[in-house]
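Data first, discussion second: the structure below is written as structure tokens.
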């Protein structure tokens, strides 16, 4: 916009008007003549002032033939069809007046146009029909749960309100809100709380029972008091590990764990992990073989990579046969692959899809006996995703199991600049 400057001629016009009034009054002319002359000069100055405003851009003349944007029926239909919520409008006779694409997809048994058809022709779901029937009777329905059945199960929250254009109910409009994801999250939350309660209750019950036994006199029993205290300590340690794993997994899933990837020499790192588990493996005569080439390098957070390998190798030792073997190997393609393979009993195929779920165990009794929390593999999965990779499992029942961590190649190996790594699971 141009810079506005108050025109100098307006100042002179005002002065001329004042001077004219003074001269005319002093000369004895009639007052009306003096006032008319002053108004004429002032009007001329005001016209020049208005012109200056237009030139400065403060006043924009309206062009003839322009009007407000035209919200046509096509624009409205496009807007409704792009909604994420399903929209269905019916009249008092339960016939469809209007609908959008989501609502038509919801009525999956319909392959033709649904407008002007009765609602009973479109769905057999009693929850939908009853909600719209109450709507045309003048009653608002909120929070109606609608489920679709089939391979792609979805859950909707339906709200139906009557249409009263002139105080008389002429139909009803329903909006289907897709709450499938929220429903799944709620189920996961309930299962998580149930599993946590169960996992904590078992050691806590043992601690309470043994402490009460010691309190009523077993503390003076030299044959059992130390054994009871040892069991209490074991269960307390188990609860401590469980709480640590829960907090760790929650932080990873919330994206609060910072991943700081760097180029890491893999073989020395694996040697450190193997050394920390060597005593446990030796008690069952299990051999741990580090088959990683000495020059192998990966692009990962060293601390988090140790955490992943510790979980996998520890599981391979715990669930192996006495006298068995665990091998750690490395290969490369478009990604880096770190494999941990054991010679244990293997995992039945129907367990593999759920193996990385929280608290999921193939053999619950054996896992608890060995001190497992049921969260180790879930932590490995989320840490691998935090690196931009993934973890997978293959198993032959009766022969053994192989876990494989896949990580993106290092930027130096790919000849590219380092990329930022997401911490979201």
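Taking 7 Å steps out from each Cα toward its Cβ at residue 168 and residue 247 produces label points 6.9 nm apart. Stretching the chain fully between residue 331 and residue 181 yields a gain of 50.3 nm (0.36 nm per residue, less the alpha carbon separation). Oblate is the label for region 180-302, because the ratio a/c of its alpha-carbon gyration tensor axes (a ≥ b ≥ c) is 1.5 or higher and a/b is not greater than b/c. On the basis of the beta-carbon distance and an R0 of 45 Å, residue 105 and residue 231 show a calculated FRET efficiency of 0.20. Could you tell me the calculated FRET efficiency between residue 93 and residue 129, based on Cβ-Cβ distance and R0 = 22 angstrom, to the nearest 0.05? My answer for the efficiency is 0.95. As a rough footprinting exposure proxy, the listed residues 170, 343, 401 were ranked by other beta carbons within 10 Å of their own, and the order from fewest upward is 170, 343, 401. Modelled label positions at residue 350 and residue 215, each set 7 Å beyond Cα in the direction of Cβ, lie 4.5 nm from each other. Look at 105, 337 and count the other Cβ atoms within 10 Å of each Cβ; fewest to most, that gives 105, 337. Here 152, 314 are placed in order of increasing Cβ neighbour count within 10 Å, fewest first, which gives 152, 314.
Using C-alpha pairs under 8 Å with a sequence gap of at least 6, the mean separation divided by the residue count of region 291-393 gives a relative contact order of 24 percent. Applying 0.36 nm per residue to the separation of residue 140 and residue 262 and subtracting their alpha-carbon distance, the gain on full extension is 38.0 nm. If R0 is taken as 25 Å, the Cβ-Cβ distance between residue 303 and residue 240 corresponds to a FRET efficiency of 0.80.
Rule-based calculations on the coordinates, nothing more; no lab input. No experiment lies behind these values; they were computed from the predicted model shown. For neighbour counting, all protein chains shown are included, and Cβ atoms are generated from backbone atoms with ideal geometry for every residue, glycine included.
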